[in-house]
Every structure is written in C-alpha cells, then in structure tokens.
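To start, the structure under review is shown below, and the notes come after it.
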Amino acid sequence: MTDTETHHEYVGALHIHSNFSDGLRPIPEIAEIAGECGIDFLLFADHMTLEPIKRGLERWYDTVLSIIGYEINDKDNKNHYLAFGLDEILPPELTPCEYVRRTKEAGAVGFIAHPDEKRPSAAILPPFPWTAWEAEGFDGIEIWNHSSEWLEKLNNINKYYYIFHPLRYLRGPEPETLVRWDIMNKTQVMPGIGGIDAHAYPYSFGPFTIYIFRYKVLFKGIRTHILVKEKLSEDVPQAKETVLTALKTARCFISNYRWGDARGFRFKALSGDRTYLMGDTVHSESVEFIVRTPLPGTLSLLKDGMPVMSVDGSELSYTASEPGAYRVEVKKKNKPWIYSNHIRIQGKNKA
Ligand SMILES: [Zn+2]
Ligand SMILES: [Zn+2]
C-alpha cells in the first residue's frame with residue numbers, strides 16, 4: 001500500500017530460521033509461503049552461518065525479497081544478536097561487546113534478539129536473554145519475539161491449546177523490554193523490531209510427532225512494517241539497503257496480523273510546515289501528533305512509556321509541547337495489535 005503522501009509501505013517477517021540451522025524448510029519454500037501470506041520481505045537469521053548467501057539464496061523470490069543475515073551467539077550460546085550485511089561470519093570466540101562493535105565497523109546492521117527472554121521450568125529450551133548491556137553500537141532491539149513469548153507462557157495445563165492456537169495468546173512485548181526501550185529513546189534513536197524467531201519445534205504426541213510452528217501460521221502473526229520513500233528496487237543489494245536503512249532509522253512499526261492487517265497505520269508529527277515520521281526528532285515546542293489505523297481499535301499515545309491520551313476509534317490527534325519520546329500502541333479488544341516506533345520532541349534549543 002502506498003502512503004497517500006510520501007511513503008511506500010512494505011511488510012516484513014523478521015528473524016526466520018531455515019533448514020540451514022534449526023528451521024524446518026528450505027529458504028525458497030519459506031519465501032513462497034511468505035508470498036502466499038502477503039509478506040513483502042524476509043530477514044533470515046540462521047544460527048552462526050551465512051551459507052545461504054554463498055549459495056545465492058539472497059534474492060527476490062517473485063514478490064518476496066529474501067535478505068540473509070545470521071544470528072550470532074557468544075561461546076556459551078548466550079547474547080543472541082541478529083546481524084545483517086556481514087560478508088563473513090565473525091570469529092566465534094568474540095564477546096558480545098566485540099561482535100556488536102565488529103558488526104558496526106563492517107557497516108552492517110545489528111539487533112539485540114529477545115533481550116528479556118524467560119522460560120518456565122517445563123519449557124522445551126532454556127532462555128537466551130541479552131545480558132551484555134555494556135555493548136555499544138547496536139542498531140536496535142527486537143522488542144517482541146513470538147517464539148520467546150509463546151514458550152514463556154507454555155505450561156502443562158495450557159499446552160494443547162497453545163500448540164493449536166499459536167497466535168491467539170500473544171500479549172505483547174515484555175514490560176521490562178518496553179521500559180528499557182522507552183528510556184533509550186529519550187536520548188537516541190533506538191529502533192524496535194518484531195521477530196518471529198521461526199523454528200520448527202518437534203513435539204511428540206505418543207507415537208506421533210508434529211511440528212508446532214508452521215511458517216504459514218507464523219507469517220500471520222508478528223510483522224514489521226517499513227515506510228520508505230522509493231519502491232524497493234529489483235536490484236537485490238539496493239533493495240536490501242533500503243530495507244535495512246528503514247529498520248535502523250526506526251522508520252517502522254510492529255503488528256500482530258492475527259488481529260487485523262495493519263497496513264496503512266500511520267503515526268506522524270506536524271510542526272510548522274513539516275511532517276515527521278517514526279524515527280524522527282522534532283525540535284519544536286508545538287507539535288501535533290496524528291495517528292491513523294486501518295481498522296478501529298483502542299489507540300494510545302505514550303510519552304516516555306506513560307499514556308498521555310487514549311481513544312477508541314481509528315484516529316487520534318494530540319497537541320504536545322513537552323519534550324520526550326512519543327510512541328503509539330493500538331489494541332483490538334484488549335489484544336496487542338500495533339506498536340509504533342518513537343518520534344522524539346526535543347526543545348528548540350537542544351541539539
Ligand atoms: Zn536466539
Ligand atoms: Zn533465533
């Protein structure tokens with residue numbers, strides 16, 4: 001969908017594992033499924049391998065752009081980091097601070113994966129939270145991760161329901177992740193992205209084994225939408241650059257498709273004769289925020305994590321003068337549907 005004013009919107013499924021690590025299917029098949037689900041681009045992040053790039057799998061598959069990065073972990077398999085744009089795998093003995101720095105130095109883009117992941121004792125896997133917050137140079141944070149949230153809430157009582165309804169129980173990002181993210185955004189642009197972390201978990205029912213997370217289902221869950229000035233190029237490096245730039249400049253928002261197609265959601269700030277979008281900083285003391293959603297819901301505008309206005313409907317406007325990092329959350333029937341990135345207001349005199 002094209003913004004009637006200036007931008008094109010593309011919808012991505014991020015943090016996908018293929019059969020190059022612990023996903024179930026090959027990349028071309030996943031791209032085909034993504035196309036059927038209305039996804040425009042994919043960010044693959046198999047564990048500690050860039051083999052798909054070497055095999056030429058970073059390309060357009062019909063209408064779906066497949067971008068290949070990889071998920072870095074430290075030598076204890078902790079501190080997962082999603083890096084895109086690296087040509088070579090970094091040495092596996094690096095510490096998180098080192099691989100964050102090396103990713104940046106290489107001109108690549110990196111996101112902290114599932115930063116506050118937790119698991120109950122009965123979970124299939126141990127949690128992999130980010131602990132190396134002293135690292136400098138990361139480009140953004142995966143604030144919402146489907147796999148993390150799903151596994152955190154899985155228990156012996158609800159497991160059959162959860163297995164057959166993997167999208168219904170998503171309750172939004174971890175509260176502590178949102179707090180951390182809001183604080184960071186007061187002083188810098190710190191993009192939030194949503195990841196699927198699509199693995200295929202085998203699950204045994206007596207003699208049968210089923211695979212819990214099917215791509216076809218997951219692609220109808222957490223999506224990251226980008227807004228870009230130019231249409232995505234047929235040239236893969238150029239299109240990849242466009243997507244990664246939109247993500248690292250926070251020109252994006254996150255939705256859960258389960259509650260409706262969020263294409264067309266917009267969060268803008270008007271000041272003087274200029275329009276600002278997510279990722280921007282406004283140097284003014286009089287700003288009008290405008291929010292529009294393609295379907296009605298409960299729209300909340302938050303400043304530094306605290307709600308300042310909430311309306312039921314599909315439009316919100318609010319005149320703000322207070323400096324801070326503003327963002328939007330939209331719920332549908334109390335279910336988390338959309339999380340915008342921030343627009344910052346900084347006083348006129350502040351750089
Ligand atoms: Zn991970
Ligand atoms: Zn992963």
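No value in this document is a laboratory result; all are computed from the given coordinates. None of these values were measured; they are calculated from a predicted model. Glycine gets a Cβ as well: all are built from the backbone with ideal geometry, and neighbour counts include every protein chain shown.
Every pair of different Cα atoms in the stretch 252-351 enters the Kirkwood calculation, which places the hydrodynamic radius at 13.5 Å. In this structure the amide hydrogen of M309, modeled in the peptide plane, comes within under 5 Å of the amide hydrogens of L301, none closer than 5 places in sequence on its chain. To the nearest 10 degrees, how steeply does helix 27-36 sit against the main Cα axis of the chain, on a 0 to 90 scale? Once rounded, the angle reads 50 degrees. Relative contact order for the stretch 22-143: 19 percent, from Cα pairs under 8 Å spaced at least 6 residues apart, divided by residue count.
To test your reading of the geometry: what angle, between 0 and 90 degrees and rounded to tens, separates the Cα axis of helix 96-105 from the longest principal axis of the chain? Roughly 60 degrees between the two axes.
A simple charge model with +1 on the Cβ of Lys and Arg, -1 on the Cβ of Asp and Glu and nothing else charged puts the dipole of the chain at about 980 debye relative to its Cα centre. Of the Cα atoms belonging to the stretch 1-153, the radius of gyration and Dmax stand at 16.0, 50 Å.
Note the angle between two axes, namely the Cα long axis of helix 236-248 and the longest principal axis of the Cα atoms of the chain, as a number of degrees from 0 to 90, rounded to the nearest 10. Approximately 60 degrees, to the nearest ten. Considering only G172, G12, G264, the mean-square fluctuation computed in a Gaussian network model of the chain, springs between alpha carbons under 10 angstrom, is largest for G264. Taking other C-beta atoms within 10 Å as the exposure proxy, C97, C252 rank C97, C252 from fewest upward. Taking trypsin sites (Lys or Arg not before Pro) across the stretch 283-343, the ones in a DSSP loop with at most 12 further Cβ atoms lying within 10 angstrom of their Cβ are K333. Near D116, the amide H atoms lying under 5 Å from its own belong to W130; only residues 5 or more places off or on other chains count, and H is placed 1.01 Å from N. Overall, the ratio between the Cα radius of gyration of the chain and 2.2 N^0.38 Å, rounded to two decimals, is 0.96.
Positive-end ranking of G297, L43, G272 along the dipole of the chain, with charges on Cβ about the Cα centre, is headed by G297. When DSSP beta bridges are restricted to pairs lying wholly in the chain, around 75% turn out antiparallel. In the chain, helical runs assigned H by DSSP with n ≥ 4 each contribute -39500 (n - 2.57); averaged across all residues and rounded to the nearest 500, the mean residue ellipticity at 222 nm is -5500 deg cm²/dmol.
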